[in-house]
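Data first, discussion second: the structure below is written as C-alpha cells.
Taken together, the values in this text are just the output of simple stated rules run on the coordinates, not laboratory data. For clarity, every value in this text was computed on a predicted model and none was experimentally measured. Cβ placement follows ideal geometry from the backbone for every residue including glycine, while neighbour counts extend to all protein chains displayed.
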Amino acid sequence: MNIQWFPGHMAKTRRLLSENLNLVDVVIELLDARIPASSRNPEIDRIVKNKPRLVVLNKSDLADSGISKQWAEWYRSRGIPVIFADSIRGTGLNTLINQLKNLMRERFEKDREKGRRFRTIKTMVVGIPNVGKSTFINKIAGRAVAATGDKPGVTRGKQWIRLHPEVDLLDTPGILWPRFDDKNTALNLAFTGAIRDEILDVVQLGAALAEKLAAEYPELFFKRYKLQDADGLNGLELLEAAGKNRGCILPGGTIDMKRIADTILDEFRGGRIGAITLEKPLWDETGDTDGGTETGSKGSKGQDESEQ
C-alpha cells in the first residue's frame with residue numbers, strides 16, 4: 001500500500017509549534033510505546049532543537065514489557081528522561097511533575113539567585129494523532145480540559161491549560177509529516193490507528209498486520225484466532241483462516257474479508273491479542289545506539305508493572 005496523509009491543519013500545527021516554542025520551558029514528547037520510533041515525528045527534532053524535553057511512552061500497558069525495558073535503556077543512554085505511562089488508568093503519570101521540576105531545577109535556582117518570584121513551568125505536549133494526547137492531558141489535570149476521541153485529528157487548535165498548580169500546558173493538535181519515506185513506518189502508524197482507516201484499504205492493512213503478528217508473535221496470534229498449521233500462510237490467507245474460525249462468512253460461503261480485517265485491527269489496538277511492540281531499538285557493536293530501529297520483538301510477552 002502507498003500510504004500518504006497530510007491534512008491541511010497539520011501544516012498549520014507545524015507552524016504553531018515553531019512560533020510558540022519560545023513560550024515554553026519544556027517540551028513533553030508523547031509517543032506510542034508499541035511503536036516508539038515510528039511515532040516520533042522527525043520534524044520535532046528540528047523544531048524543538050535544544051529545548052529541554054521529556055519523553056512519555058504512552059499506552060505502555062499495550063506494549064511488550066521486555067521491549068519497553070530496551071527502549072528505557074535506549075533513552076537513558078542518550079540522556080533523555082523517559083516515562084512509561086498508561087493515560088487511561090494513570091499508571092506512570094505520578095512521576096511527571098517531579099521530572100519536569102528536575103529539568104527546570106538549574107533554571108529556577110538561577111531565578112531565585114536573581115530574586116525572581118516563583119512562576120509555573122510552561123510546557124508543550126507534542127505527539128502524532130491518536131497517541132492519546134488529550135487523554136494524557138485530562139488525566140494529569142484531573143478533569144476534562146482537552147477534547148478526546150478515538151479518531152486521529154480531534155484536537156484542532158492551541159489552548160493554555162492549568163495542568164497542575166506548578167505547571168501550565170500549551171496544548172496543540174497532533175502532527176504528522178508530509179510523506180513517509182519508510183514503508184514500515186507508514187504501516188506501523190496505520191496499524192495503531194494514527195492514520196484514518198477510511199483512507200486505507202482495510203483488507204490489505206489487516207492482511208499486513210496479520211502477517212506481521214504471525215511472524216513476530218505467532219503464539220499470541222494463533223491462539224487468539226484458533227489457527228493451526230498456519231505457518232507459511234501469507235496475510236490474505238491468514239485473514240481467510242481467521243475469518244472462517246470467527247464466523248465472518250458472507251452468503252454463499254465466502255469469507256467477509258473486511259469484517260475479519262476490522263476485527264484484527266480493533267483487537268490489536270485494544271490489546272486483546274496481547275502485549276505487543278512492533279519495533280525495538282538497534283545498538284551498534286560497541287553497545288551504543290545508532291538511532292535505528294528493528295521491527296518486531298520476539299521478546300518477552302509478559303508485563304512488568306515496575307517498569308511501567
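Starting with the highest mean, order 71-81, 265-275 by the number of other Cβ atoms within 10 Å, averaged over the residues of each peptide.
My ranking of the peptides, most packed first, is 265-275, 71-81.
Using a 10 Å cut-off around each Cβ, can you sort T123, T277 from fewest to most neighbouring Cβ atoms?
By the 10 Å Cβ count, ascending: T123, T277.
Name the residues whose placed amide hydrogens come within less than 5 Å of the amide hydrogen of I255, ignoring near sequence neighbours (fewer than 5 apart) on the same chain.
Counting only residues 5 or more places away or on other chains, the set is L250.
Apply the Karplus parameterisation 6.51 cos²θ - 1.76 cosθ + 1.60, with θ equal to phi minus 60°, to every residue of the range 123-140 and state each ³J(HN,Hα) to the nearest whole Hz, in sequence, with x for glycine and proline.
10, 9, 9, 10, x, 5, x, 6, 8, x, 5, 5, 5, 4, 5, 5, 5, 5
When the dipole is taken about the Cα centre of the range 8-171, and only Lys, Arg (+1) and Asp, Glu (-1) are charged at their Cβ, what size is it in debye, to the nearest 20?
500
Send over the Kirkwood Rh of the range 193-269, from the inverse of the averaged 1/r over different Cα pairs, rounded to one decimal Å.
12.4
Which order do the peptides 132-140, 182-190 come out in when sorted by mean C-beta neighbours inside 10 angstrom, highest first?
Ranked by mean Cβ neighbours within 10 Å, highest first: 132-140, 182-190.
I need the shape label for the range 8-171. Rule: rounded when a/c is under 1.5, else prolate if a/b > b/c, else oblate, with a, b, c from the alpha carbon gyration tensor.
Taking the square roots of the gyration eigenvalues as a ≥ b ≥ c, the range 8-171 is rounded.
Please report the antiparallel percentage of the DSSP beta bridges confined to the range 8-171, to the nearest 5.
Antiparallel: roughly 25 percent of the beta bridges in the range 8-171.
On a full-extension model of 0.36 nm per residue, what is the gain between Q159 and R46, subtracting their alpha-carbon distance, rounded to one decimal in nm?
38.4 nm
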